[in-house]
Each structure stands twice: as C-alpha cells, then as structure tokens.
Amino acid sequence: MTNNEFTTGRPGRRMKAVVIPEFGGADVLTAAEVDVPEPGPGQVAIDVAYAGANFAEILYRQGLADVPLPFVPGIEVSGHIRALGDGVEGLAVGQPVAALTIVDSGGYAEVVVTAAELVAPLDAHPRLGLDLAAALPSNSTTAHLVLSQVARLQPGERVLVHAAAGGVGSQLGQVARRLGAGRIVGTVGSPAKAESARAFGYDEVIPRDQVAGAGEFDVVVDMVGGPARRAGLDALAPMGRLIVMGNASGADDVGLSANELWLSGKTVSGFNLAAFSAAFPAAAGRALRHVVAAAADGGLRVRVAELPLDRAAEAHRRIESGTTTGKLVLKVAGTEI
Ligand SMILES: NC(=O)c1ccc[n+]([C@@H]2O[C@H](COP(=O)([O-])OP(=O)(O)OC[C@H]3O[C@@H](n4cnc5c(N)ncnc54)[C@H](OP(=O)(O)O)[C@@H]3O)[C@@H](O)[C@H]2O)c1
C-alpha cells in the first residue's frame, strides 16, 4: 500500500486509516492520515480494535455502490467507545462493543463513527474476544435476519445454502439449526471446502453443480448468482422461498419470470444489510445483539483468521480469490500503517 494524506471529515485530530481514493483493484487501498471523525447526535465514536474484512468492501472498492471518493471502507468493527454524541443513552465511554458501521462505513481506521442503535455492548460477554466480536456484525446478523425475518424459516423446513464454507455461509447453516430447520444442505465450489462446511454443522455438503438431484427445499439462500441462483429456484418445493443476497460469482443477472413464480407457487426475496440497517437501525441492532449473545454462549461459531490493517490489500485479494473459509479480520489497534 502507498501512504497518503486525505481530508475526509472535520479538520482536527488526525488518525491512521486505509482509504479508497479511486475505484479499482486491491492496489488502490492506501494507508493514509485522515481527520478523526466526531460523533453527531445519536452516534458514538469507537476506538477500533479489529475491523471485519468482507466481500462487500470489494464491491465498494470496485465502485459498485454509489460512494463518494475518497472514503474509508469497513462495515463492521469491535473496539471501545471513545465518545458519545448528543442524546445517546445506555452506552458509556470505554465500554467494549461490536458494531455495524455499514451505513456510514469507515471501519478500516483507528476511529469510526456509527449510530448508537447499531452497537452491541460486550461487557456482559467477557469471554468473547474482540477478534471474534469483529467477525459477527455483518455475516452473523445477516444470517439471522435472512432466515428469521426474510425466509421466515419454520421448524422442520429444508434449507439449502450456497457457498456454505464462506463467511456468511458458515453462519447460515448454524442459524438454520438454531431455528429448528430439518435438513440443512450446503453447496461448495470445490471439494477442498466440503470438510470446512461440514464442520459448521451442515447435514450434507454437495458440489454446487449437483443441486439438481439433491431433493426439494423450502428455503434456498443464494449469494453466488448465475447458475447457482437458477438451480436454487428450480430446487424449491411449492411455497418455497429463494432469498437472493449476493452475486459473489460476478455472473450476469439471472432473469426470473413472475409468471413462473405464480404458476409454481414460489417466492423470491432479496436482502441487503446496508439497506436494512439504514431503514431499520433499531431492528438491525437487536439482531446484532442477538447474534453476539449467541456467539458468546457458544451457539454460533466463527473461524477467524487475522491480518494487520496494513495488509488490507492482501485480505481483499484472498477474499476475491474465493479460496478463504470462515472470516478474515484486520487488527487495527497496535498496528503501524
Ligand atoms: N446481502 C447482504 O446483506 C450480504 C451480507 C453478507 C454477505 N453478502 C454477500 O454474500 C456473499 C459472500 O460473502 P462472504 O462474506 O461470505 O464472502 P466469502 O467468505 O468470501 O465467501 C464468498 C464465497 O463465494 C463463493 N464464490 C463463488 N464464485 C466466486 C468468485 N468468482 N469469487 C469469489 N468467491 C466466489 C466462494 O465459495 P465456493 O468456493 O464454495 O464457491 C467464496 O468462498 C458475497 O456476495 C457478499 O456480498 C451479502
């Protein structure tokens, strides 16, 4: 990464951050000095310990979202509350927290600001490490919301999850189990990932091109797109629900016929945590606190690998290669960039 200076907020105290000055490949990630953000009304500032590294940040970096340049990426963090904005109650300076920073973004930095509603206090969970806490806000919260609120999964229902060994895939199988699903099947793109997906509690793990013939499902969760999406729709039982929540393969969009849905009695829904958190921050925060408590009780497991913040570009390359399993977090506190 190159080093640079940017002014991204109010002039004042400066901090280290990783900045995206232009859209492009992992090389655009730039170590920089930027202004320390101050919390506005209803917000908190957090001294960041760890920032989760996500597929979403690749998409932001590539310019697929409408984000003004330059910006600090990073949709989730753990750390300690540094300052409270006006009107914030029930949180305290110095408190350990996990937080979604997905609405305002900026987790790849020493300090981030986010809505107080999107914060989960960790003091009741002293055994939950800050590295693990940074791995929960995006993928675990998404898995919980997708299956409980969007798919409205019922006990005994059959679930198929694509990319089952990935960050969000490894959470979806476990959440499905907690919600009482019957048969839980995961797909993987390569045999090397099957063991990893099984370790996250899937009943069966199948190659992604073998969904036809794997039976019928009440719920299919697709974040891969392309042929996986079409195969998922075809595998739905009557009244089954396909939840579309990503396009990791980069495939062209799949045309879906409304008449086909009518005639087959199937449903297709979409979910996006950024849009949900912006529209329903209180509900997003409740879901975050729910999964934090579940992870603290050992009811949700995450395999966490760690890199220092100055290797954010390497984290992006690893995620883009599609070879990672579980979750990558970036160590921010104590890292020189
Ligand atoms: N809608 C939301 O709110 C939301 C929230 C979280 C995540 N997501 C989406 O869910 C997807 C997975 O996110 P994640 O954090 O779980 O990422 P991840 O851990 O990197 O998992 C992505 C997985 O997608 C599969 N994949 C298939 N084609 C790929 C390709 N061309 N390049 C890279 N990966 C490919 C790979 O699994 P195989 O090797 O098994 O093919 C890979 O492990 C992303 O599309 C992300 O945007 C959406």
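The values are calculated or read from the model by the stated rules, or taken from the named source; none is laboratory data. Every value quoted in this text rests on a predicted model; they were computed, and no experiment measured them. We place every Cβ from the backbone using ideal geometry, glycine too, and count neighbours over all the protein chains shown.
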Residue identified as touching a residue at least 40 places away in the same chain (Cβ under 8 Å), in contact with a helix residue (DSSP H, G or I) (Cβ under 8 Å, 6 or more places away or on another chain) and buried (at least 17 other Cβ atoms within 10 Å of the Cβ) among 36, 88, 48: 88
Candidates 209, 252 - the one that is charged (D, E, K, R), within 16 Å of the ligand (Cβ to nearest atom) and in a loop (DSSP other than H, G, I, E, B): 252
In the stretch 180-199, residue farthest from the ligand (Cβ to nearest atom) [restricted to those that are of a type in the set (Gly, Ala, Ser) and in a helix (DSSP H, G or I)]: 199
Condition broken by residue 84, with the remaining ones in (1) in contact with a Gly (Cβ under 7 Å, 6 or more places away or on another chain); (2) at pLDDT 95 or above satisfied: (1)
Complete set of residues in the stretch 303-337 that are buried (at least 17 other Cβ atoms within 10 Å of the Cβ) and either part of a strand (DSSP E or B) or within 8 Å of the ligand (Cβ to nearest atom) (or both): 304, 307, 319, 320, 324, 325, 326, 327, 328, 329, 330, 331
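Scan 163, 135 and give me the residue that is in a loop (DSSP other than H, G, I, E, B), within 16 Å of the ligand (Cβ to nearest atom) and at positive phi.
163
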Filter pass, residue 122 being in contact with a Pro (Cβ under 7 Å, 6 or more places away or on another chain) and more than 16 Å from the ligand (Cβ to nearest atom): yes
Those residues of the stretch 261-284 which are in contact (Cβ under 8 Å) with a residue 24 or more places away in the chain, in a helix (DSSP H, G or I) and farther than 30 Å from residue 137 by Cβ, in sequence order: 264
